[in-house]
Amino acid sequence: MIKPPLANVNGILHIDGVSAVKLAETYGTPLYVIGESKIRENYRRLAEAFKRNYGKTRILYSAKANTNLSILKILKTEGAWVDVVSTGEIYLALEAGFQPSQILYTGVSVSEEELSYAFKAGVTINIDSESQLRKLLRIGVPHTLSVRINTEIGAGHHEYTVTASKTSKFGVDEKTALEIYRTARLAGVEKFGIHMHIGSGILNPDPYIKAAERLLQVAKNIHEVAGVNFEFVDVGGGIGVPYRPDEEEFDIEGFADKLTVLFKEKIQSCGLGEPELWLEPGRYLVAESTILLTRVNMVKQTPYRKFVGVDAGFNVLIRPTMYGSYHHVVVANRLNAEPAEKCDIVGPICESGDFLCRERLLPEVAEGDLIAVLTAGAYGYSMSSQYNSRPRPAEVLVKNGLHEVIRERETLQDLLRGQKTASWLNV
Ligand code: LLP
């Protein structure tokens with residue numbers, strides 16, 4: 001798992017040329033450290049794999065994976081557009097310098113206030129229900145609109161991250177989509193897209209390809225029945241990355257080849273013209289760029305188990321607790337030590353579900369050691385919280401030996417932000 005941007009330099013973990021030990025000493029722990037080069041490398045690999053087959057491919061970074069402005073800006077300079085899900089993400093994408101036309105907003109269970117914000121901001125809206133369309137048309141008529149289709153073919157690393165199935169809350173069926181396009185066109189919408197997102201953490205491309213085929217079939221039917229032309233076909237995000245040492249990586253080039261062959265064949269045989277092909281990767285672009293550094297506070301041997309207590313709990317990285325996700329861990333200041341025994345790495349949160357890993361074979365670990373949790377760039381910081389009133393950690397960006405804070409560690413004062421004591425308690 002120690003591969004670029006990571007390196008083992010005399011037993012010390014380095015990221016993009018910087019020692020993890022030095023970073024932890026400089027900025028404290030817990031600390032998210034993001035290697036810029038890996039984000040750029042993965043973006044370029046994905047873009048190249050598609051564009052060599054189909055020039056009109058566009059990659060929208062799914063900001064929910066990590067909305068740090070520096071990450072948004074890195075991807076913007078690479079040519080990415082952005083996929084957002086909330087007013088907050090629209091706001092941040094605009095702050096990062098994306099044009100409204102480069103932002104696709106996909107919401108589910110959307111309030112009128114949120115839709116109004118999206119409409120006024122001028123971003124492209126991806127409709128998830130008939131009620132959402134009715135709400136939107138009461139606010140105004142956008143120039144372009146997209147509709148999220150439930151392909152009923154889903155995939156993902158955990159049932160919570162599968163977002164297309166018969167029982168999914170996301171998207172609409174073909175018949176409903178047809179009504180939405182008809183109503184939107186009658187209202188004066190001029191340009192259209194069609195969208196799916198079937199799930200997250202997909203390592204087998206087959207369901208993804210099958211769902212895309214289904215999406216293109218729906219596009220064909222809607223084109224034929226309602227005469228709708230599509231400016232773009234968005235196949236969503238979901239590309240997985242290997243978290244375990246024995247996991248195969250997703251075959252990006254093979255996937256791109258298969259998907260674009262299908263896409264070109266379908267748009268031609270279905271008379272869909274030459275729509276742009278959009279993808280919305282989050283995890284693939286950022287997961288492998290980042291490590292979480294956390295310091296060992298205690299080592300506890302019980303009659304049954306050995307616990308390594310660190311300063312990052314599920315307030316900092318919730319994926320192991322929430323999905324049972326595997327994250328590889330290494331002792332960053334002792335990479336060359338031999339594995340010794342199985343331990344649970346646990347955090348400081350007052351719940352037994354607070355662990356980073358369980359029964360993991362680790363070298364001898366001592367208080368003060370530095371643990372690095374790998375592949376922590378997607379849904380790590382963005383899902384962190386202040387639970388147990390613990391200020392959130394800092395984020396540091398590294399690039400070829402340079403390192404800078406891109407998000408300050410929260411302070412105790414941040415725990416008071418926005419709080420007010422009720423007037424009747426001020427005695
Ligand atoms: N597009 C839409 C509409 C989405 O809902 C998502 C993710 C993506 C794109 C990007 O998916 P990705 O390429 O990152 O797989 N918290 C979970 C993942 C939830 C993903 C939610 N939607 C986790 O930590 O695994």
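Read the figures in this text as sums done on the coordinates, not as results from a lab. The structure displayed is predicted, hence computed values, not measured ones. For neighbour counting, all protein chains shown are included, and Cβ atoms are generated from backbone atoms with ideal geometry for every residue, glycine included.
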For the chain, whose charge dipole is built from +1 on Lys and Arg Cβ atoms and -1 on Asp and Glu Cβ atoms, the candidate among ILE59, VAL330, LEU285 with its Cα farthest towards the positive end is ILE59
Stokes-Einstein D (µm²/s) once Rh is taken as the Kirkwood radius of region 107-247 over alpha-carbon pairs, at 20 °C in 1.002 mPa s: 137
Output ³J(HN,Hα) for region 119-129: one whole-Hz value per residue in order, computed from phi by the Karplus curve 6.51 cos²θ - 1.76 cosθ + 1.60 with θ = phi - 60°, and x for Gly and Pro. 5, 5, 5, x, 7, 6, 9, 10, 7, 10, 6
Give me the percent of DSSP beta bridges within region 255-375 that run antiparallel, rounded to the nearest 5. 85
Taking a cut-off of 29 Å between Cα atoms, list the lysines near LYS399, but don't count ones fewer than 8 places away on the same chain. LYS3, LYS22, LYS38, LYS51, LYS64, LYS73, LYS76
Filter the cross-link list LYS169/LYS220; LYS220/LYS258; LYS56/LYS169 down to pairs whose alpha-carbon distance in this structure exceeds 21 Å. LYS169/LYS220; LYS56/LYS169
Taking the chain as the reference, fit the longest principal axis to its C-alpha atoms, fit the long axis of helix 130-139 to the helix C-alpha atoms, and give the angle between the two in degrees, 0 to 90, nearest 10. 80
All other residues with a Cβ under 12 Å from the Cβ of SER116 taken together, and with Lys, Arg as +1 and Asp, Glu as -1, what is their net charge? 0
Relative contact order in percent for the chain (Cα pairs under 8 Å, 6+ apart) equals 19
For PHE192, PHE250, PHE307, what's the fewest-to-most ordering of other Cβ within 10 Å of each Cβ? PHE307, PHE250, PHE192
Per the Cauchy relation, a quarter of the hull surface: what is the mean projected area of the convex hull of the alpha carbons in the chain, in nm²? 23.5
One finds, for VAL21 and ARG417 with R0 = 41 angstrom and r their Cβ-Cβ distance, a FRET efficiency to the nearest 0.05 of 0.80
Over region 36-284, what is the percentage of antiparallel beta bridges among all DSSP beta bridges, to the nearest 5? 5
Summarise the long-distance tail of P(r) for region 1-75 by giving the % of C-alpha pairs beyond 19 Å. 51
On the formula 1/(1 + (r/R0)^6), with r taken between the Cβ atoms of TYR387 and GLU265 and R0 of 51 Å, the FRET efficiency rounded to 0.05 is 0.55
Rounded to 10°, Cα long-axis angle of helix 36-51 versus longest principal axis of the chain: 30
For region 36-284, state the average projected area of the convex hull of the C-alpha atoms over all orientations, rounded to one decimal in nm². 12.3
Per residue of region 267-273, what does 6.51 cos²θ - 1.76 cosθ + 1.60 with θ = phi - 60° give for ³J(HN,Hα)? Whole Hz please, x for Gly and Pro, Karplus curve as stated. 5, 6, 5, 9, x, 8, x
Can you list residues whose amide H is under 5 Å from ARG407's amide H, if they're 5+ apart or on another chain and H is modeled 1.01 Å from N? GLU395
Can you give the extra length, in nm with one decimal, that the chain gains between GLU367 and ASN10 once fully stretched, where that is 0.36 nm per residue apart less the Cα-Cα distance? 126.4 nm
For region 391-426, state which GluC sites (Glu not before Pro) are in a DSSP loop and have at most 15 other beta carbons lying within 10 Å of their beta carbon. GLU408
Using the Cα atoms as the points, what is the convex hull volume per residue of region 247-386 in Å³? 143
